[in-house]
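All remarks here apply to the structure that follows.
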Amino acid sequence: MAGAMASTGPERALDKIRAYDRELKLLRHGTALLQWDQETYMPSAAAEERAEQLGLFETLAHDRVAADELGGLLAQAGAGPDSPSGAESLPDLDRALVRHLYREHSLARRIPRELVGRLARAASAGQVAWKAAREKGDFAAFKPNLEGLVALALERADCLGYSEHRYDALLDQYEPYTKTAQVRRVFEELERELVPLAAEIAEAPQVDSAFLYGEYPEFRQAEFGTRVLEEIGWPADRGRLDCSAHPFTIGLGRDDVRITARYDRNFFNTAFFSILHEAGHGLYELGFGEEIRGSTLADGTSLGVHESQSRFWENLVGRSRGFWRHYFPQLRALFPETLEGVDHESFYRGVNQVKPSLIRVEADEVTYCLHIIMRFRLELAMVENSLKVSDLPDAWRAESRRLLGIAPEHDADGVLQDVHWSMGGFGYFPTYALGNLYAAQFTEAFEREQGALEGYLERGEFEPVLGWLRERVHRHGAAKTADELVNSVTGAPLTADAFMRYLRTKFRDIYLTA
Ligand code: ZN
């Protein structure tokens, strides 16, 4: 009788690992619900206890990942330093789960519990200090916190360990298995191409975008945004769109992904492009395959790949000519006075205006990566101890002038503009630029297999586009590493080539052909 055949140690361990993993996922979704509520509907007086609640949930999850029990189960499954995916007899998907958990377990074991607490407290105090300092444009007020956060990040990196560069350990938290040397190489290539392209565009006749700053009543923006969301394939019974001060996406369950938007009555881009952006993140989370749903493999494989999905819908779809050929008549019907005399072509050009700005989140597609390269350089210099925190504002101005040709007068528009460092998020920024590169490289693969993206968008046919992404990218979640994924989807490792081809073609057409 086949059923009587004793299953081997590794297979027996897998049943227990899957149950253990499922509870970890449930715990994380519970934590996510508290976070989502905090950013959307929570009354302000609840903030203090909510921080306590979140702290407890996060500690429970950390303990569960670091527990001896999980370590024992993973060892039974054959996992070890030389076999992170476990026994070779296991099916591929089980090996992916073992690799994923073994990595998390090993990393969590390296951070002393006492350091976890210090990091959380420093991040929480850092955000409070940063908010106050940014309002007053007072870098000196934030400097002691930032010095502490840099020191803690280095302490953390040393606990996690690295073989080539200290920054590897920080980058690896957000972009697993990616090395500083790879990012440096790709960013050098990008800088070489982007700086002259931006300069070439600056010399050309400029496009008009004044109509984007007209009257756009919020309820009509919401109506348009919701319509587009539905039509690109957002399932209304598995997700929600709410409002928050800073737009974000968060997964609360297998069939529950929430996105948020912020509306600006006098600037069309704020809400619409961030709805598309967050929808891209959300569609990735909603597209994890049946075989990994509800497990910890149902997660973005890296922040760069996650960002590729948001950038794809925001830029390669939402800022394309085909998309506005399709949607502009509907948009003009909703805002007839504001868009009087504007046609789809001038609207398309308007939403693609290139203009170096001081603020990263307002940057156009050509200059966006330069903002990231600047932050990467400064982080590297701090990690290598060649830049002191006290010299950071001046270093920021110098880099900004070199890369963007402009420099902030006030630190609020410079070194204090982003929240990441106040939370100890060193190593995070590169993932934004990598997202642009992944998006362009995936799109070239789509077009090789399915034909021009533009044609689908012009006809309002989103289903084949989303279907392809689900099948090739979303389904796998974290079962494939970012590198395995990009190789399997595009047949090559990540480079800046596809992104630069995309930018050159699009922006030379807009700016350099009269
Ligand atoms: Zn994003």
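Each of Pro91, Pro144, Pro205 was placed along the dipole of the range 51-207 (beta-carbon charges, centred on the mean Cα), and the one lying farthest toward the positive end is Pro144.
Mind sorting Asp411, Asp483 by how few other Cβ atoms lie within 10 Å of their own Cβ, fewest first? Kindly include the intermediate steps, with their values, before the conclusion.
On the way: Asp411 21, Asp483 16.
Listing Asp411, Asp483 from fewest to most nearby Cβ atoms yields Asp483, Asp411.
Taking a Cβ cut-off of under 13 Å around Arg238, the surrounding Lys, Arg, Asp and Glu residues balance to a net charge of -1, with basic ones at +1 and acidic ones at -1.
In the chain, a dipole from Cβ-located charges (positive for Lys and Arg, negative for Asp and Glu) runs towards its positive end, and of Leu74, Ala19, Ala46 it is Leu74 whose Cα lies farthest in that direction. Computed from Cα atoms, the angle from the helix 47-66 axis to the main principal axis of the chain rounds to 50 degrees.
Seen against the Cα atoms of the chain and their longest principal axis, helix 321-334 is set at about 70 degrees. Using Cβ point charges alone (K and R +1, D and E -1), the dipole size of the range 180-511 about the Cα centre works out to roughly 320 debye. Checked against a 32 Å cut-off, the cross-linked pairs Lys25/Lys136; Lys25/Lys388; Lys179/Lys388; Lys143/Lys179; Lys25/Lys179; Lys136/Lys506 give Cα-Cα distances beyond that limit for Lys25/Lys136; Lys25/Lys388; Lys136/Lys506. Considering the chain at the alpha-carbon level, its Rg and Dmax are found to be 23.4, 79 Å. For the range 344-422, just say rounded, prolate or oblate: build the C-alpha gyration tensor, square-root its eigenvalues into a ≥ b ≥ c, call rounded for a/c under 1.5, and beyond that prolate if a/b exceeds b/c, oblate if not. Prolate.
Footprinting exposure proxy ranking of Tyr284, Tyr216, Tyr456, Tyr162, fewest other C-beta atoms within 10 angstrom first, gives Tyr162, Tyr456, Tyr216, Tyr284. The ranking of Met382, Met500 from fewest to most other beta carbons within 10 Å of each one's beta carbon is Met500, Met382. Between Asn487, Leu457, Phe347, the Cα set farthest toward the positive side of the dipole of the chain (charges on each charged residue's Cβ, about the Cα centre) is that of Asn487. Placing unit charges on the Cβ atoms only, positive for Lys and Arg and negative for Asp and Glu, gives the range 2-161 a dipole magnitude near 200 debye about its Cα centre.
Readers should treat all values here as calculations from the given coordinates under stated rules, not as data from a laboratory. Bear in mind the structure is a predicted one, so any value in this text is a computation, not a measurement. Methodologically, a virtual Cβ is constructed for each residue, glycine included, from the backbone with ideal geometry; neighbour enumeration extends over all protein chains shown.
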